[in-house]
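Worksheet for the structure shown next.
The values are calculated or read from the model by the stated rules, or taken from the named source; none is laboratory data. All values reported here derive from a predicted model rather than from experimental measurement. Here the Cβ positions follow ideal geometry from the backbone for every residue, glycine too, while neighbour counts run over all protein chains shown. Ligands, DNA and RNA are excluded from the accessible area calculation, which covers all protein heavy atoms including side chains. Shrake-Rupley method; radii C 1.70, N 1.55, O 1.52, S 1.80 Å.
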Amino acid sequence: MFQKVRLRLTALCAGATSFIIIFMSLLYLFVSENGLYENQFRAFCNDMNTITTSLEQQTVISMEWLSRMEAQGNYLFFATDNGVPFLYNQLPAQEESSLRRQLFEEALKGGESAPSVSVSTQNISTGQITTHSEFRFFSALMDMEYFAGIILSGKEGAASHLQIVVLSPLDSLSRQILEQRLHFFLIDAAAVLFLLFFSWILTGRLLKPIIENHRKQVQFVASASHELRTPLAVILSCAECCGNASDEEKKGFLSVIQKEGQRMSSLINDLLTLSQSDNRLFSISTKPTELDTLFMNVFEAFQPLAKEKSITLSVSLPERALPLCLADPDRISQVLSILLHNAVSYTPEHGKIELLLTHEKERFLLSVRDNGIGISDQDKGKIFDRFFRAEKARSTKGHFGLGLSIAYEIVKSHGGSIRVCDAAGGGSIFTVVLPGRSHSPLSPS
């Protein structure tokens with residue numbers, strides 16, 4: 001499922017970005033090519049002005065002049081006097097001469113319909129009027145584009161006139177544009193490939209927390225189902241046995257049913273607490289709290305349980321008065337209760353558990369130290385995961401592996417942190433760090 005999502009996100013991300021790149025490239029090519037054509041056409045028009053000025057200064061149009069003009073601009077000239085071609089255009093190769101004449105005739109027809117730039121000048125001393133026009137046309141005969149210029153020279157009212165057609169082939173410009181298009185194609189192709197690779201890596205990283213969250217949800221549902229199935233199986237078994245049991249046996253079965261029902265209720269409450277945290281509905285009611293008083297209340301509540309297991313429970317408080325902590329006293333008591341319950345459960349008889357409260361650098365440190373079985377380095381990074389229990393603790397009935405997860409969510413909602421480390425001489429130290437001044441709880445009531 002996630003593989004398909006990753007492929008689609010990659011295609012969407014790379015496709016949208018590639019479309020923008022290609023569109024901008026095409027737009028740039030359009031503007032660039034138009035600029036190249038305009039610049040070359042402007043240069044052609046300037047050359048036509050130069051040729052026209054030079055022509056006006058000539059009394060005789062010689063073959064040498066025509067040859068020199070062609071060589072200077074890499075142009076093609078076709079000159080007629082009253083419609084009769086100059087000998088310059090009558091080449092020895094009749095086929096080539098005919099082809100060239102057809103090309104110029106095609107240019108003359110193209111000039112009748114193509115938009116052109118026309119300029120007229122008059123020589124006052126001779127009365128000679130010279131007109132030249134420039135335009136762009138495509139020759140179907142040569143399958144090539146040209147800039148064309150037509151020069152007409154003659155006296156006003158005279159029947160005779162001189163006509164010169166100048167053609168500038170655009171094959172070099174077409175090659176330049178083709179090379180530019182090829183370069184842009186290669187650059188765009190490389191950009192698309194890079195975007196595909198980058199999008200694939202990026203979507204993989206974006207989906208990684210989602211995939212991990214989905215994996216945890218699946219594991220969470222499986223673990224919750226397993227934990228609920230065990231007490232439910234005991235309840236159903238006891239209920240079935242009650243049918244043929246004596247009154248004394250029924251009392252025993254009912255006691256087991258009640259005990260397992262309480263276990264299920266405790267598990268469901270824990271699941272609801274974590275669900276509220278996931279949905280940002282985890283409510284806390286912060287107010288100025290005396291943490292030392294809260295510590296003593298929790299200490300007194302767990303003294304009987306510790307005494308029952310012959311565990312020494314002590315509390316250590318600062319000698320000087322502590323400032324008030326902005327916190328939810330019920331929730332912080334719940335955190336301490338979870339830590340103490342775990343400590344009592346996994347500390348052997350005649351062990352020691354100590355509650356420590358300190359205040360330093362505008363923060364409160366709430367610690368629970370025991371000399372119990374301890375936690376391996378491998379498990380330290382997992383103990384706040386839901387339904388996680390160390391191997392030594394799996395046989396301990398009444399622990400679902402949700403307590404530390406709930407404690408973590410409560411501390412996080414207070415803007416604090418919780419950590420665990422090894423205690424000197426064995427055992428563990430859980431430390432809750434709460435900010436000593438203003439903070440921003442997730443869902444203050």
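Hydrodynamic estimate: the Kirkwood radius of the range 159-302 over Cα pairs, inserted into Stokes-Einstein at 37 °C and 0.692 mPa s, corresponds to D of 134 µm²/s. Entry for the range 138-213 at q = 0.14, 0.17, 0.20, 0.23 Å⁻¹: log10 I(q)/I(0) = -0.74, -0.85, -0.94, -1.02, Debye formula applied to identical alpha-carbon scatterers, no solvent contribution. Let me test this: with uniform point scatterers at the alpha carbons of the range 255-378, what is the Debye-based log₁₀ I(q)/I(0) at q = 0.10, 0.12, 0.14 1/Å? Computed log10 I(q)/I(0) values: -0.41, -0.58, -0.78.
Please work out whether the range 49-88 counts as rounded, prolate or oblate from its C-alpha gyration tensor, where a ≥ b ≥ c are the square roots of the eigenvalues and a/c under 1.5 means rounded, while otherwise a/b larger than b/c means prolate and anything else oblate? It comes out oblate by the Cα gyration axes. Annotation: Ile201 carries an accessible surface of approximately 70 Å², with a 1.4 Å probe and no ligand, DNA or RNA atoms counted. Taking a straight Cα-Cα cut-off under 17 Å and skipping sequence neighbours fewer than 8 places away in the same chain, the aspartates and glutamates within cross-link reach of Lys155 are Glu56, Asp81. Computed on the chain, with alpha-carbon pairs under 8 angstrom and 6+ residues apart, the relative contact order is 11 percent. Packing around the peptides 414-422, 174-182, taken as the average count of other Cβ atoms within 10 Å per residue, puts them in this order, highest first: 414-422, 174-182.
Computed from these coordinates, which is Rg and Dmax of the Cα atoms in Å: (i) 34.7, 96; (ii) 24.7, 95; (iii) 47.3, 143? The value matching this structure is (iii). Other residues within the sphere of radius under 12 Å centred on the Cβ of Ile201, judged by their own Cβ, net out at +3 (K and R +1, D and E -1).
Calculate for the chain the 222 nm mean residue ellipticity that helices alone would give, adding -39,500 (n - 2.57) per DSSP H run of length 4 or more and normalising by residue count, nearest 500 deg cm²/dmol. Rounded to the nearest 500, the figure is -19500 deg cm²/dmol. In loop segments of the range 203-251 as defined by DSSP, there are no trypsin sites (Lys or Arg not before Pro) with at most 11 further C-beta atoms inside 10 Å of their C-beta. If you take all other residues with their beta carbon under 12 Å from the beta carbon of Asn297, and give Lys and Arg +1 and Asp and Glu -1, the sum is -4. For the pair Lys155 and Ser333, label points projected 7 Å from Cα toward Cβ lie 12.4 nm apart.
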